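Let me begin by presenting the structure, written as structure tokens, before commenting on it.
The values are calculated or read from the model by the stated rules, or taken from the named source; none is laboratory data. Quantities reported herein were computed from a predicted structural model and do not represent experimental measurements. Glycine gets a Cβ as well: all are built from the backbone with ideal geometry, and neighbour counts include every protein chain shown.
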Amino acid sequence: MPTKSDLPQGTLDLLILKVVALGPVHGYAIAQRLQQVSKHVVQVPQGSLYPALHRLENRGLLTADWKETESGRDAKFYRLTRKGKAQLEAEAASWQRLVNAIGLILTMSEGGAE
Amino acid sequence: MNWWKRLFLKRKLDYQLERELTFHLEQHVADLITQGHTPAEARGLARLELGGPQQVKEQCRDARGTRWLEDFVQDVRYALRTLRKRPGFTAMALATLALGTGATTVMFTVIHGVLLKPFAYREPARLLRLQEQTNWNTALGNLWGFTYPNYLDCKSAVPALDMAVWTIKRGTATTASGLAEYVDGVEASNNLLAVLGVNIGQGRAFLVEDDGPAATPVALISHRLWQRRFGASPTALGSEIVFDGKSYRVIGVLPAGFRLADSEFDVWTPIGQDTSPRLKSREIHGFRVWARLRPDATLAQASSELSIVGRRLEQQYPKSNKGRTFIASQLRPIVGDTQSTLWLLLSAVGLVLLIACANIASLLLARAVSNEREFSVRVALGAGRGRLARQCLTESAVLAVAGGALGILLAALGIRPFTTFWPGGLPRAQEVGIDWRVLVFALGISIASGILFGLAPALRAPASDLEQSLRAGGRTVAGSARRLHRSFVVAEIAIAMVLLTAAGVMGRTMLRLSSLDPGVDIHNVLTARTALSPATLQNPDRTRAAWQDLLDRARRIPGVRAIAAIDTVPMREGSNEINYSSSAATPREEQKTLVLANSATPDYLKVAGIPLRHGRFITESDRRGTQSVAVIDEVMAQQAFPGEDPIGKQIWIGIVPDPVTVVGVVGHVRQWGLASDDQATVRAQLYYPFAQVPDALVRRWSELMSIIVRTNVDPRTLIEPLRQAMRGGAGDQVLYEIGTLEEFATASLARQRFLLLLFGVFAALALLLACVGIYGVLAYLTNQRTPEIGLRMALGATATTVLGMIMRESLAMILTGVAAGSLAAFVASRTLAHLVDGVRASEPATLVLMILLLILAAMLASFLPARRASRIDPMKALRQE
């Protein structure tokens, strides 16, 4: 049963790109980091994490290599491609614009909308 | 990574995905254990959070974007497996499809080669045909061939075009080796090959210097003449060839297979060397002008330049050029009525293919309905409905492509025989062949028919109510499926009806046309065109004497009963239409009435067996110096002198300067052939004595005359004796285009016979397929209704009532089909009447006959399943439930 994400549509990709941008990282670590950074507000269903990773990989935004972890096990480490970097910047900027706009509307004083 | 790379690395990617997810789970479990969970708890929690591993994997695979292809490969395997499991169905479907696509492909191949392919010259799109156009019409329209002076004027004044001219010239060709033979030749301007972009095969082409009256006579010969007369020897170049009485030096050989328009001309001479008066006349039309657009020039530009020349010449030569201009159009092959025959046949074949599709569709649908339970189970287990529909379509596509491949094979085998049997020779037959366009077409129609017959079962399969069908266990047929089955039967009957009507109408037409009186006695009559020795043509009196001598010599051959000379032989190609008027005041060109004029010798009436109605025919005493006479046929008598006695009346014709006096009326001859004569625009006929043809015309007339011989024996056996007797002192008189009147009569119906044959075959095929379809559908439907019928019988229905019930239902379907088909059949017979000479638009008797035939055949096909249903054992049937 696919669990519905509480994230707004499309934001999972943005978050993944952002986490991967910080350095090569494997899937489990991405899930952990998303949970920690968002202070458990964003619940990333792990079931949609991997399909999203594979989709981003196929679109050429991510690339992956098999490397050893600190504990000496083989894991698939994702990295951002040049295209992924551009995509992240573009999406982050547009997200920021959206947030600002929504913020402006929500902080409008009563009667401010004349 | 490309999708195809991902496809080929599928196994590796799956393995990596497995490892990645395992790693995730193990890390998570380890973390949970450090947080204080027991290992068992930790494993459970980790699994729960990740979700079902198979679902995650499936979603990741979907993200690869190769899913459709993997599914496709799987579906094809599945389709092949199921088709192999049912060899009977598969073989029948493949055979039907192969026949359908094969026949359609053959028709398309011919249409492509004959109608769609441009001429095989360089850049054919830039080649134009130039014609003269008048602002008034004759019976033949307002387009004319060029006159030579008009061509010269246009050539020098239209910079947008590189123009060339040619005209057909036939004559006797004699080379150092062998006998004289009559060949088709061409007089062409020196640049014709260059305009077409064709290189000479051997030797050299014409030069500008060759193309003048004072130049050394030179000629090009065709590749086949070079092989036939010179054994393909290089010594042919520089040797002499006598063509039409004049000696030429051969300077080149045309490339093998090269055709001008659709003919291979054997001897080419430069048109500029022809000193005859027709090249100086602004009245003699018929020169063909072809042109190539110069680089950067457009058709519009060429047209406007041509019309400027046209206006100038109108002022300069008002007598000949008034109302006359020049137009250019794309140079296209002219194929005559072949075009409509081809489209007719393609439509007929398309209908057969449609029936085949409906047939296969209903068989597939029957299977889809029986498989409903399997599908329902699969939907319940999570298969997408789209996925199932796609699987059904894949199965049909596999069937269609396999059938199409077989069809292409059939077409490849069938195309040659088909073009060979084309009546009167298929124009451009050498262009007909299977190429990539034909393959694309065949593949296209295969896939289209696959979709056509696969769509209904595919849409049907997953659409049904899941719970219902699981519960019913695939025993009963839902109403919608039954309706679909019926609509297939109705469609098949309707289409078969169209083809049956077409075949019936053609058959009826053939019967009627064959019983028509040609107006001549066609038995034991041989005809041949005759080329006199070129030496005798120099002088009119010698020409007349040569004809007299020739007829006398032929008359002495045993087996010859009578012989005459005539210029147009009934039902043979070629006619001589002239204007006439029945008053001295010459009417304007466009108001003149046309008549088929024949110059004849006195015995013609006897040889041809034409009945004399009034007066007399031409006699030996009608010669130069006596009163000019003519004999007319009944049609002309009616047309020129309605309600009057034509004997003694005067007629003005262009050929003889004085008025001619009508001395007799003879029966009408179906000159245009049995099928076409009744619809011909010019039917009036007139005979005048060959002996009274004026000196100036004797040479030209002599070239046109044929001998016509009535024999006591099989006319074909006299060909050799006639040839021997007529060869003449110099051995350069030849007979050509030899044939019997019987052959011409048969040939005049060849197109109708050919259409009848093919329509007959298609209609039989359609009837057979429709019957098989009805049988299949009814057998299936009654089988599905076994429990219901069992119940009816248990409740007291007798075998007869059941039989009656099934037959009634089948009759209802058949009648619906007939009703739907009747309208289409009506349209089809109208189209046939429009396109094929001799066909009548409305043939109610034929229509009724065909409807009865169709109903009878369809009822027979439904009888077997109906009888089987009536013999159901009610106990067994009810126990099945």
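Could you please give the count of residues in segment B:122-156 that are assigned to a loop (DSSP other than H, G, I, E, B), at pLDDT 90 or above and either aliphatic (A, V, I, L, M) or buried (at least 16 other Cβ atoms within 10 Å of the Cβ) (or both)?
Number of matching residues: 2.
Only one of B:ASP184, B:ASP162 is acidic (Asp, Glu) and under 21 Å from B:GLN301 (Cβ atoms); which?
B:ASP162
For every residue, the table says whether it meets (1) within 9 Å of chain B (Cβ to nearest Cβ); (2) in contact with a Leu (Cβ under 7 Å, 6 or more places away or on another chain); (3) among the aromatic types (Phe, Trp, Tyr).
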position: A:TYR28; (1), (2), (3): yes, no, yes
position: A:GLN32; (1), (2), (3): yes, no, no
position: A:GLU68; (1), (2), (3): no, no, no
position: A:TYR78; (1), (2), (3): no, yes, yes
position: A:ALA101; (1), (2), (3): no, no, no
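Scan A:ALA90, A:ALA29, A:ALA21 and give me the residue that is within 25 Å of B:ALA30 (Cα to Cα) and at pLDDT 85 or above.
After ruling out the rest, the residue left standing is A:ALA29.
Identify the single condition in (1) crowded, with 17+ Cβ neighbours inside 10 Å; (2) part of a strand (DSSP E or B) that B:VAL198 does not satisfy, given that it satisfies every other one.
Evaluating B:VAL198 over (1) crowded, with 17+ Cβ neighbours inside 10 Å; (2) part of a strand (DSSP E or B) leaves (2) as the failure.
Of (1) surrounded by fewer than 22 Cβ atoms within 10 Å (Cβ to Cβ); (2) under 34 Å from the mean Cα position of the chain (by Cα); (3) farther than 30 Å from B:GLU132 by Cβ, B:ILE360 satisfies all except one. Which?
It is condition (1) that B:ILE360 fails.
Starting from residues that are more than 9 Å from every other protein chain (Cβ to nearest Cβ) and touching a residue at least 60 places away in the same chain (Cβ under 8 Å), keep the ones in segment B:6-21 and report whichever is farthest from A:ARG59 (Cα to Cα).
Out of the qualifying residues, it is B:LYS10.
Could we say that B:ALA833 is part of a loop (DSSP other than H, G, I, E, B) and within 31 Å of the chain's Cα centre (by Cα) here?
Criteria not met by B:ALA833.
Give me the residue from segment B:318-346 that is closer than 19 Å to B:MET163 by Cβ and surrounded by fewer than 16 Cβ atoms within 10 Å (Cβ to Cβ) and, out of that set, nearest to the chain's Cα centre (by Cα).
The selected residue is B:ARG332.
What tally of residues in segment B:30-64 results from selecting those that are more than 8 Å from chain A (Cβ to nearest Cβ) and surrounded by 19 or more Cβ atoms within 10 Å (Cβ to Cβ)?
Final tally of qualifying residues: 4.
If you check B:THR90 against the conditions, is it out of contact with any His (no Cβ under 6 Å at 6 or more places or on another chain), surrounded by 15 or more Cβ atoms within 10 Å (Cβ to Cβ), of a type in the set (Ser, Thr, Tyr) and at pLDDT 85 or above?
yes
Take the conditions of a type in the set (Ser, Thr, Tyr) and modelled with pLDDT of 90 or more and apply them to B:THR543. Does it pass?
Yes; evaluated as a whole, the condition is true for this residue.
I need the full set of residues from segment B:502-521 which are in a loop (DSSP other than H, G, I, E, B) and surrounded by fewer than 19 Cβ atoms within 10 Å (Cβ to Cβ), in order please.
Correct list: B:SER515, B:LEU516, B:ASP517, B:ASP521.
Please verify whether A:ALA64 is away from chain B (no Cβ under 12 Å) and closer than 15 Å to A:ILE16 by Cα, treating the condition exactly as stated.
So A:ALA64 does not fit the description; no.
Need pairs with beta-carbon distance below 8 Å; first residue in contact (Cβ under 8 Å) with a residue 60 or more places away in the chain and within segment B:22-43, second surrounded by fewer than 17 Cβ atoms within 10 Å (Cβ to Cβ); sequence gap 6+ or separate chains.
Every condition considered, no pair remains.
For segment B:389-423, enumerate the residues that are crowded, with 19+ Cβ neighbours inside 10 Å, of a type outside the set (S, T, N, Q) and closer than 17 Å to B:GLU70 by Cα.
B:ALA389, B:CYS392, B:LEU393, B:GLU395, B:ALA397, B:VAL398
Do any residues in segment B:662-684 that are touching a residue at least 60 places away in the same chain (Cβ under 8 Å) and closer than 25 Å to B:LYS649 by Cβ have Cβ atoms under 9 Å from those of residues that are part of a loop (DSSP other than H, G, I, E, B) and among the aromatic types (Phe, Trp, Tyr), where the two are at least six apart or on different chains, and which pairs are they?
Final answer for the pair search is B:VAL666/B:PHE617; B:VAL682/B:TRP672; B:ARG683/B:TRP672.
Taking the residues in segment B:86-130 that are among the basic types (Lys, Arg) and touching a strand residue (DSSP E or B) at 6+ places or on another chain (Cβ under 6 Å) as candidates, determine which candidate is nearest to B:ALA368 (Cα to Cα).
Only one residue fits best here, namely B:ARG126.
When both residues are 6+ apart or on different chains and their Cβ atoms are under 7 Å apart, which pairs have a first residue that lies in segment B:775-786 and is closer than 11 Å to B:VAL369 by Cβ, and a second that is at pLDDT below 85?
As it stands, the answer is B:TYR780/B:ALA366; B:LEU781/B:VAL477; B:LEU781/B:ARG482; B:LEU781/B:HIS485; B:GLN784/B:THR476; B:GLN784/B:VAL477, since those pairs meet every condition given.
Residue-by-condition table, conditions (1) modelled with pLDDT of 90 or more; (2) among the hydroxyl-bearing types (Ser, Thr, Tyr); (3) touching a Phe, Trp or Tyr at 6+ places or on another chain (Cβ under 8 Å); (4) farther than 24 Å from B:SER702 by Cβ:
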site	(1), (2), (3), (4)
B:LEU596	yes, no, no, no
B:SER599	yes, yes, yes, no
B:PRO602	yes, no, yes, no
B:GLU620	yes, no, no, no
B:ARG623	no, no, no, no
B:GLN627	yes, no, no, no
B:GLU634	yes, no, no, yes
B:PRO659	no, no, yes, yes
B:ARG670	yes, no, no, yes
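Go through A:ARG82, A:ARG59 for me and flag whichever is surrounded by 14 or more Cβ atoms within 10 Å (Cβ to Cβ) and not hydrophobic (A, V, I, L, M, F, W, C).
Exactly one of A:ARG82, A:ARG59 is surrounded by 14 or more Cβ atoms within 10 Å (Cβ to Cβ) and not hydrophobic (A, V, I, L, M, F, W, C), namely A:ARG59.
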